[in-house]
Amino acid sequence: MHISDFDYALPPDLIASEPVRPRDASRMMTLGRHTGHPVDAMFSDLPELLKQDDILVINDTRVMKARMLGVLERASGTSRSIEVLFANPLSETVWEVMCKPGKRIRNGDRVSFDDGKAVGTFGEEQAHGLRLLSVESDEPVLTLFEHSGHIPLPPYINRPDQSSDAVEYQTVFATHPGAVAAPTAGLHFTSDILNALERRGIDTVSITLHVGVGTFLPIREDDPRKHVLKPEAYHISESAAHKLNEAKAAKRRIIAVGTTSTRTLEYVVGKHGHIAAGSGHADIYIIPGYEFGFVDGLLTNFHLPKSTLLLLVSAFASREIIMHAYEHAIAERYRFFSYGDCMLIL
């Protein structure tokens, strides 16, 4: 296996910089997991394309406005503007962060936010390009995000975030703050679609995976098997666990909405043999050759070349089927990535 096996050429104009409005007007390719035959449809067709006893598993994480603009104040006395992505909380005041630009930051350098109302002190470098930051502020960091932070749009959305992104880069079922990227397959859902699913008897179960940098960090190894996925926090309630285990025992299909829901379910089943309620950190890295133990179907967006997400989808179907489907999507001018269209693999 070589990372170049999961590369493809994408015309830049197919990268969606804005969402479709309304959300459920996006396109959806349906794909046979084993046959690989792509069929063009619309996301609004979803309720009719599923069986009446299917279970949809959604990720109810909420994206934090975790991108902060500040002034880096070096111990040497120089200063410059800096962007800080608060990637992972280690405590109420200590975070793992990513900085842009991130070079030449030293231990003890400080960053000032919100006209000095909050000040962070940089600590040791961490794995995956992260660095420790200890924050002093009169208010909790999450509160600081709400009035001074920005939605952390992916870098391929080559524009500043807008007020509309604070709504449109959240799913309609986003409940628990903690993510630094949206579970993008969920962005297509509307209240109308959820109501239509309910009318057809299709149950929706919520779990939580706080999407972190582990989801979008690039694979830097020629052999993707050598990549290590950074763990991400998850939670599954007692009621969700009971419903999912009961559904699986009844041989109902489990349809994961997104790669994040998929990884959470597969991690927990791999660890416990069933869906166990509780919280933890999922670090499962799914690549071709993985045997799925719980998920029967997958709703997912179109992912970046050579990404861990593309490898997961290629594991669910096959590399050949997925790469052919991507060729079809490009030829039919589907919209790609976070604000783009989706595919349903059954």
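Derivation of every value follows stated rules applied to the coordinates shown; laboratory data play no part. None of these values were measured; they are calculated from a predicted model. Ideal geometry is used to build each Cβ from the backbone, glycine not excepted, and the neighbour counts take in all protein chains shown.
Which of the three applies to the range 67-148, rounded, prolate or oblate, going by the alpha-carbon gyration tensor with a ≥ b ≥ c and a/c under 1.5 meaning rounded?
oblate
Among the aspartates and glutamates, which have Cα under 12 Å from the Cα of K226 when same-chain residues fewer than 8 positions away are ignored?
Straight-distance partners of K226: none at all.
Principal axis lengths of the chain from Cα atoms, whole Å, largest first?
Sorted largest first, the three principal extents are 63, 44, 39 Å.
In percent, what relative contact order does the range 67-148 have, based on Cα pairs under 8 Å that are 6 or more apart in sequence?
Relative contact order of the range 67-148: 27 percent.
Counting Lys +1, Arg +1, Asp -1, Glu -1, what net charge surrounds T264 among other residues with beta carbon under 12 Å of its beta carbon?
Local charge sum for T264: -2.
Dipole size in debye (nearest 20) for the range 67-148 around its Cα centre, Lys and Arg Cβ +1, Asp and Glu Cβ -1?
Computed charge dipole of the range 67-148: roughly 540 debye.
Of K226, K248, how do they rank once you tally other Cβ atoms within 10 Å and put the fewest first? Each step should come with its number before you reach the end.
Working: K226 10, K248 19.
Fewest-to-most Cβ neighbours within 10 Å comes out as K226, K248.
Determine the relative contact order of the range 1-88: mean sequence separation of Cα pairs under 8 Å and six or more apart, normalised by residue count, in whole percent.
Result for the range 1-88 is 15 percent.
Which of the helices in the chain, when you take each full DSSP H run, stretch at least 15 Å along the axis at their Cα atoms and have an average Kyte-Doolittle score of 0.0 or higher?
Those that clear 15 Å and a mean of 0.0 are 319-331.
For M42, M29, what ranking results if the residue with the fewest other Cβ atoms within 10 Å of its Cβ goes first?
Result, fewest neighbours first: M42, M29.
Which percent, nearest 5, of DSSP beta bridges in the chain are antiparallel?
70 percent
Starting from the 7 Å offset along Cα-to-Cβ, what nm value, one decimal, do you get for the label separation of R199 and Y156?
Going by the 7 Å Cα→Cβ label model, 3.5 nm.
Under 16 Å Cα-Cα from K243, which lysines qualify once same-chain neighbours fewer than 8 residues away are excluded?
Leaving aside lysines fewer than 8 places away in the same chain, those within reach of K243 are K251.
Where does the charge balance sit around C99 when Lys and Arg score +1, Asp and Glu -1, over other residues with C-beta under 15 Å from its C-beta? Numbers along the way, then the final one.
Working: positive: R67, R74, R80, K100, K103, R104, R106, R110, R131; negative: E73, E83, E96, D109, E124, E125.
Surrounding charge for C99 is +3.
Within the range 75-183, which trypsin sites (Lys or Arg not before Pro) sit in a loop by DSSP and count at most 15 neighbouring Cβ atoms inside 10 Å?
Taking the range 75-183 and a limit of 15 other Cβ atoms within 10 Å, the loop trypsin sites (Lys or Arg not before Pro) found are K103, R104, R106, K117.
If a paramagnetic tag sat 7 Å from the Cα of V172 along the Cα-Cβ line, which residues of the range 267-308 would have the backbone N under 19 Å from that point?
What the label zone holds, given the 19 Å backbone N cut-off, is 299-301.
Taking only C-alpha pairs under 8 Å that are 6+ residues apart, what is the relative contact order of the chain in percent?
Relative contact order comes out at 25 percent.
At a 10 Å Cβ-Cβ cut-off, how would you order Y285, Y234, fewest neighbours first?
Arranged by neighbour count, lowest to highest, Y285, Y234 become Y285, Y234.
Could you sort out which of K230/K271; K51/K271; K65/K306 sit more than 20 Å apart by Cα distance in this structure?
Beyond 20 Å between Cα atoms: K51/K271; K65/K306.
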